[in-house]
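The block underneath contains the structure these notes are about, expressed in structure tokens.
The values are calculated or read from the model by the stated rules, or taken from the named source; none is laboratory data. Only a predicted model underlies this, so the values are computations on that prediction, with no experimental measurement involved. So basically every Cβ, Gly included, is an ideal-geometry build from the backbone, and we count neighbours across all protein chains shown.
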Amino acid sequence: MKRTAILVTTLWGVLTSFAQTAITTYQPGVSTEGAVYYLPKTIINVNLTVEKKVYTPGELSQYAERYLRINNVADKENLYYELKNATLTTMGIPDEKKLYHILFTGNSVAPLVHLNESGVLLGINTNLPPTASEPPTPQDSEQQPVDPRTYLTEEMLMVTSKAKMAELVAKEIYDIRESRNLLLRGQNDNMPKDGEALKIILKGMNEQEQALMQLFIGTTTTETTTHTYQVIPDSETERALLGRFSRKLGLLHKDDLAGTPIYIDITNKNTVPAPAPEPEATDKKAKLKGKKNNTKQDGLVYNLPGKADIKVYSNNTVFAEECLSLSQFGNTETLSSALFSKKKDIEITLDPHTGALLKVEK
């Protein structure tokens, strides 16, 4: 996937003298010199971890009860899925309603503006590492069982009868168990010299027993994958359908009725007051004047994100529940332009996911 690059806008002419930096709402064809930046809108990434399990019956499964007293051993292959858990992360995308222009006049003080590749403001006058514009690629894994035939003796491999082979393998399993018990009791004729050597021997015995047991009880191969759903909340939501899950088919599209629904709830905690409504102008001249004045902000505009409770669940299982910061449930604030003066070299860092002010430092 693409990685976010740091875009550095350097205006060398502003280093000689300093004054206020004008921040305006961007107007195509009107805004000229300076840097244009977005504030981010927050995306919720719902990462679902699914295990695909394939059961393969053992070669000697029909003799499991006779020689090992193990009942109900399946003799047919079986494929099924398990939805293990969900994790929640956030990322930011440009909010087209929050596009601003840093106008560097001949005396501006902000020569270094850091944007990501999407134009979202990351910081001013500070060095920042690259940030991911997309969620990281999930690392899938597959667990393979040990081949039990690597532990078979020559006598076991030479027999032509499965019943005889099962008898020999079962005897080997019982011998391993007896030898292990003697070692644990300290009654073996050839006891290891120290505890570390004993651990190594016992580990080898356990691995050998488990491998031979697979010939009777079968093996289960597990493949773990992660699937990501992206949600861009604009308001609260309850029981919004993400997708569906079937034990036989895995994750399904939300319209596929073969699976159980997976829901998401997003509850605004109202931690940030809503912005005050603009006073309504009484005549056309006043409206035009108000519109003109509203395009300029006295300082750097940033987000004040709100908090929301996020819950991902099915009918009877909660997979994830967390409180996240979302720019959509907050409003904007302005960092005073007085900070950008000749006597101050201010470093500013913003959260790339929410647009929140993280650091203001001299």
Selected residue (only one of Lys248, Lys193, Lys254, Lys199 is in contact with a Pro (Cβ under 8 Å, 6 or more places away or on another chain) and either of a type in the set (D, E, K, R) or on the phi > 0 side of the Ramachandran plot (or both)): Lys254
Members of region 270-328 that are part of a strand (DSSP E or B), charged (D, E, K, R) and modelled with pLDDT under 55: Lys296
Which listed residue, of Leu39, Leu79, is modelled with pLDDT of 95 or more, aliphatic (A, V, I, L, M) and under 30 Å from Thr224 (Cβ atoms): Leu79
Subset of region 183-233 [out of contact with any Asp or Glu (no Cβ under 7 Å at 6 or more places or on another chain), over 30 Å from Lys162 (Cα atoms) and charged (D, E, K, R)]: Arg185, Asp189, Lys193, Asp194, Glu196, Lys199
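Within region 212-245, work out how many residues are assigned to a strand (DSSP E or B) and under 23 Å from Val50 (Cβ atoms). Reasoning before the result, please.
Here is the first cut: in region 212-245, the ones assigned to a strand (DSSP E or B) are 219-231, 237-245.
Within this subset, residues satisfying the condition of being under 23 Å from Val50 (Cβ atoms) are 219-231, 239-245.
So the count comes out to 20.
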Subset of region 238-270 [surrounded by 14 or more Cβ atoms within 10 Å (Cβ to Cβ), under 22 Å from the mean Cα position of the chain (by Cα) and not hydrophobic (A, V, I, L, M, F, W, C)]: Gly243, Arg244, Gly250, Lys254, Pro261, Tyr263, Asp265, Thr267, Asn268
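Suppose we keep only residues that are more than 30 Å from Leu39 (Cα to Cα) and of a type in the set (Ser, Thr, Tyr) within region 70-103. Which one would you say is surrounded by the fewest Cβ atoms within 10 Å (Cβ to Cβ)?
Here is the first cut: in region 70-103, the residues more than 30 Å from Leu39 (Cα to Cα) are 70-85.
If we keep only those that are of a type in the set (Ser, Thr, Tyr) as well, we get 80-81.
Working: Tyr80: 15, Tyr81: 19.
Residue satisfying both the conditions and the ranking: Tyr80.
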